[in-house]
Amino acid sequence: MVYADTNMLNLVLRNLISNAIKFTRQGGYIAIGLTAKGEGHAELTVADDGIGISEEDQQKLFAFEGSSINGIPEHKGAGLGLMLCQEFVELNRGQISVESQVGKGTRFRIVLPSKPF
């Protein structure tokens, strides 16, 4: 269970899942999980085995600089969605991070309070 604004969290999840679909090849996997993370926090993850994100592009993900990453097939992102995700997560006293390797996939981690703040 997490303590967050439902509408903001829904937008974050829709964006991350949409990106996972966009950047994962047909037949790939997308996994969504929620686990307790220490006292008063929970971790939400959205992971895929898609095309992955280079280290250089990971540094720019949460800033509005546009995206040079092409999806499957030929989808491009404007970069605005992840910037909004970060803003909404932080407004709910959470943190968002990314782990990715080109050709191996991406995992977004969101840590949110599981109790009122």
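FYI, it's all coordinate maths here, none of it is from the lab. This one's a predicted model, so the numbers in the text were calculated from it and none came from an experiment. Please note: Cβ atoms are built from the backbone with ideal geometry, for glycine as well, and neighbour counts cover all protein chains shown.
Other residues lying with their Cβ under 12 Å from the Cβ of E43 contribute a combined charge of +3, Lys and Arg counting +1, Asp and Glu -1.
A convex hull fitted to the Cα coordinates of the chain yields 96 cubic angstrom per residue. Per-residue extension of 0.36 nm, minus the Cα-Cα distance of A63 and A36, leaves a gain of 6.9 nm for this segment. Charged neighbours of E99, selected by a Cβ distance under 14 Å, balance to -2 (K, R count +1; D, E count -1). Along the chain, counting only GluC sites (Glu not before Pro) with a DSSP assignment other than H, G, I, E or B and at most 10 other Cβ atoms inside a 10 Å radius, the longest segment between sites is 75-117.
Taking the longest Cα principal axis of the chain as reference, the axis of helix 6-22 is set at about 20 degrees. Each 5 Å bin from 0 upward holds the following percent of the Cα-Cα pairs of region 1-40: 5, 19, 21, 21, 18, 10, 6, 1. Counting other Cβ atoms within 10 Å, which trypsin sites (Lys or Arg not before Pro) in region 1-57 have at most 12 and lie in a DSSP loop? Filter output for region 1-57: R25.
Calculated mean residue ellipticity, 222 nm, the chain: -8500 deg cm²/dmol, from DSSP H runs (n ≥ 4) at -39500 (n - 2.57) each, averaged per residue and rounded to 500. The mean sequence distance of close C-alpha pairs (under 8 Å, at least 6 residues apart), as a share of the length of the chain, puts its relative contact order at 34 percent.
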